[in-house]
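In what follows, a structure is listed as structure tokens, so that the remarks can point back to it.
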2 protein chains.
Amino acid sequence: MASGQDAGQTLRNASLRVTRPRLAVLAAVQAHPHSSTETLIRAVRDDIPGVSHQAVYDVLRVLTTARLVRRIEPAGSVARYEARVDDNHHHAVCRGCGAITDVDCVVGAAPCLSAPDDVGFVVDEAEVLFWGTCGDCSPALTV
Amino acid sequence: MASGQDAGQTLRNASLRVTRPRLAVLAAVQAHPHSSTETLIRAVRDDIPGVSHQAVYDVLRVLTTARLVRRIEPAGSVARYEARVDDNHHHAVCRGCGAITDVDCVVGAAPCLSAPDDVGFVVDEAEVLFWGTCGDCSPALTV
DNA sequence: CAGAGAACTTGACTCGTTCAAGAGAACGCG
DNA sequence: CGCGTTCTCTTGAACGAGTCAAGTTCTCTG
């Protein structure tokens with residue numbers, strides 16, 4: 001893939017060392033958005049069979065801290081990761097199957113909602129989560 | 001307390017049996033909004049010293065299912081509970097100390113944001129979480 | 001007041017995630 | 001190009017919030 005070098009450069013730009021696990025994790029997150037750590041571990045092992053789960057956990061933390069991936073943690077779910085970091089978008093979570101779908105920001109720039117002007121609370125992010133039922137999980141609702 | 005009978009009636013209205021643990025948990029959630037399960041267990045034990053943690057977990061699940069309390073689960077935090085269920089409000093979470101503050105809904109009725117009209121996804125709740133730093137945790141920011 | 005079924009106690013256990021120590025690899029510098 | 005420092009990965013154990021399961025106790029109906 002031509003993006004292999006790009007990923008290396010991306011890491012370097014973030015002052016991170018370029019290692020195979022990091023490249024593989026980055027690629028896995030891009031290829032499988034909203035995946036759990038376990039899913040990502042499996043995906044990474046397709047590329048590097050021997051990676052330890054700890055390595056993936058470490059890499060994900062580093063990438064998250066460097067803002068190269070974004071961590072999502074809907075209630076009742078394990079942590080999930082996605083590579084869309086430069087735009088402001090939200091998520092819809094299905095209560096039935098747990099599937100997560102991207103939802104473009106309904107208002108505009110982040111934080112896309114008016115912040116509480118209260119007692120010195122400084123908002124740096126407004127997280128919006130839509131809870132509901134996806135098409136596959138609502139067969140009974142025959143409109 | 002005069003609310004003792006009210007709480008019993010509240011449970012009965014929800015078709016739930018009235019037990020001391022349930023009354024105590026309900027009172028604890030009302031008295032300590034945004035508390036963790038562990039905190040609630042301690043609060044309940046002030047009233048009924050012998051309650052098992054399992055009982056509190058059970059009661060919280062039942063009350064949550066019956067919509068008498070609401071469960072909040074910010075990323076990186078344990079589950080927390082509150083008794084404000086009949087209005088639509090959101091939360092501000094401090095990245096420093098983890099404190100949670102109520103924020104009245106900025107738009108109006110729930111779900112207070114336009115839903116994704118996409119592929120048959122039916123939204124029943126829009127959860128908004130403001131992330132930032134509370135007054136106590138930002139002493140360095142001397143405007 | 002007695003029976004049925006829900007609720008609580010006790011104690012073990014699961015599972016995602018983190019901690020810790022040592023071996024190995026990436027990168028800057030000579 | 002090779003060396004050393006420092007960060008990264010491996011291995012294996014540990015943690016902790018929450019759940020499961022079996023048995024006893026209590027609430028409520030008739």
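The values are calculated or read from the model by the stated rules, or taken from the named source; none is laboratory data. All values reported here derive from a predicted model rather than from experimental measurement. Note that each Cβ is placed from the backbone with ideal geometry, even for glycine, and that neighbours are counted across all protein chains shown.
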Check your understanding: Considering only the range A:76-98, how many residues are in contact with a Lys or Arg (Cβ under 7 Å, 6 or more places away or on another chain) and either within 11 Å of DNA strand C (Cβ to nearest atom) or within 14 Å of chain B (Cβ to nearest Cβ) (or both)?
Key -> 3
Check your understanding: When both residues are 6+ apart or on different chains and their Cβ atoms are under 6 Å apart, which pairs have a first residue that lies in the range B:47-71 and is under 22 Å from A:Pro74 (Cα atoms) and more than 10 Å from DNA strand C (Cβ to nearest atom), and a second that is basic (Lys, Arg) and at pLDDT 95 or above?
Key -> B:Thr64/B:Arg71
Practice item. Within the range B:4-26, identify whether any single residue is without any contact (Cβ under 8 Å) to a residue 24 or more places away in the chain and within 15 Å of the chain's Cα centre (by Cα), and answer yes or no. Key: no
Revision key, fill the gap. Every listed condition ((1) modelled with pLDDT under 95; (2) under 26 Å from B:Arg71 (Cα atoms); (3) part of a loop (DSSP other than H, G, I, E, B)) holds for A:Gly50 save (2)
Check your understanding: Restricting the search to the range B:17-47, which residues are farther than 16 Å from B:Arg71 by Cα, within 11 Å of DNA strand D (Cβ to nearest atom) and surrounded by fewer than 18 Cβ atoms within 10 Å (Cβ to Cβ)?
Key -> B:Arg17, B:Val18, B:Thr19, B:Arg20, B:Pro21
Review point. Restricting to the range A:83-101, what's the tally of residues that are of a type in the set (Lys, Arg) and in a strand (DSSP E or B)?
Key: 0
Practice item. Working only within the range A:18-69, note down all residues that are among the basic types (Lys, Arg) and touching a helix residue (DSSP H, G or I) at 6+ places or on another chain (Cβ under 7 Å). Key: A:Arg22
Point to revise | Scope the range B:48-72; condition surrounded by fewer than 17 Cβ atoms within 10 Å (Cβ to Cβ) and within 9 Å of DNA strand D (Cβ to nearest atom); matching residues | key: B:Ser52, B:His53, B:Gln54, B:Tyr57, B:Asp58, B:Arg61, B:Arg71
Point to revise | Filter pass, B:Val56 being within 24 Å of B:Ser36 (Cβ to Cβ), modelled with pLDDT of 90 or more and either outside any strand (DSSP E or B) or of a type in the set (Gly, Ala, Ser) (or both) | key: yes
Exercise for review: Scan the range A:78-104 residue by residue and report those that are at pLDDT 95 or above and of a type in the set (Ser, Thr, Tyr).
Suggested key: A:Tyr81
Exercise for review: Please indicate, with yes or no, whether at least one residue in the range B:58-79 is over 25 Å from A:Val128 (Cβ atoms) and β-branched (Val, Ile, Thr).
Suggested key: yes
Review point. Does the range A:33-46 contain any residue that is within 13 Å of chain B (Cβ to nearest Cβ), modelled with pLDDT of 95 or more and either assigned to a loop (DSSP other than H, G, I, E, B) or within 14 Å of DNA strand C (Cβ to nearest atom) (or both)?
Key: no
Practice item. Provide a single number: the residues in the range A:105-119 that are at pLDDT 65 or above and facing chain B (nearest Cβ under 8 Å). Key: 1
